[in-house]
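This report refers to the structure that appears directly beneath it.
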């Protein structure tokens, strides 16, 4: 039982460190932001649940996959045309969408260019970051560390002599 508990604790700790490193530490060091892909518009290029790493760029060009702010949420699509001819307005489209987005985006709306992604890691990060799951993981860690002391009956103490 003790070996199983340490294996579970090791797996929990390793998972937490991998999530922390890939979703918080690496982006902070590299100056990138991370976004979770929540829709199917990018098809197999960026599957739902992927964690996309986004890096600001001085200039963008047709073919770049960019994350931009639209209607108070972030969208990640490919630039398919320069609507203004000088890089001020862009036409974007999801790889799995049949038509371009209806509204052009301005360069100042772009958060950055997607440099790479890790499948399913965005979904895992969002699940673990929820308060209920986080609370459960903290409780599980406490039980794994101190379960024997909490659950095991106390040793019988001899009665005090009067």
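The values are calculated or read from the model by the stated rules, or taken from the named source; none is laboratory data. Keep in mind that what you see is a predicted model, and the values were worked out from it rather than measured. Methodologically, a virtual Cβ is constructed for each residue, glycine included, from the backbone with ideal geometry; neighbour enumeration extends over all protein chains shown.
Couple of notes before you dig in:
- Scanning region 72-85 for residues that are free of Cβ contacts under 8 Å to residues at least 12 places away in the same chain and closer than 24 Å to residue 127 by Cα gives 72, 73.
- Test: residue in region 54-70 that is without any contact (Cβ under 8 Å) to a residue 12 or more places away in the chain and more than 23 Å from the chain's Cα centre (by Cα): yes
- Residue within region 14-25 that is in contact with a strand residue (DSSP E or B) (Cβ under 9 Å, 6 or more places away or on another chain) and surrounded by 13 or more Cβ atoms within 10 Å (Cβ to Cβ) present: yes
- Applying a threshold of 7 Å to beta carbon distances and a minimum spacing of six or more residues, or different chains, the list of pairs starting in region 21-36 at a residue that is within 17 Å of residue 50 (Cβ to Cβ) and ending at one that is modelled with pLDDT of 85 or more and part of a helix (DSSP H, G or I) reads 36/122.
- Criterion (touching a helix residue (DSSP H, G or I) at 6+ places or on another chain (Cβ under 7 Å), over 22 Å from residue 124 (Cβ atoms) and loosely packed, with under 15 Cβ neighbours inside 10 Å) met by exactly one of 5, 61: 5
- Checklist (1) at pLDDT 75 or above; (2) exposed (fewer than 10 other Cβ atoms within 10 Å of the Cβ); (3) not in a helix (DSSP H, G or I) applied to residue 158, failing item: (1)
- From the options 79, 48, residue that is buried (at least 16 other Cβ atoms within 10 Å of the Cβ) and in contact with a strand residue (DSSP E or B) (Cβ under 8 Å, 6 or more places away or on another chain): 79
- Total residues in region 105-128 satisfying the condition of being under 17 Å from residue 73 (Cβ atoms) and either loosely packed, with under 13 Cβ neighbours inside 10 Å or free of Cβ contacts under 8 Å to residues at least 60 places away in the same chain (or both): the figure is 5.
- Test: residue in region 32-42 that is surrounded by 12 or more Cβ atoms within 10 Å (Cβ to Cβ), more than 28 Å from residue 133 (Cβ to Cβ), over 16 Å from the mean Cα position of the chain (by Cα) and modelled with pLDDT of 95 or more: no
- Residue match in region 135-142 (condition: surrounded by fewer than 12 Cβ atoms within 10 Å (Cβ to Cβ), at pLDDT below 75, over 30 Å from residue 47 (Cβ atoms) and out of contact with any helix residue (DSSP H, G or I) (no Cβ under 9 Å at 6 or more places or on another chain)): no
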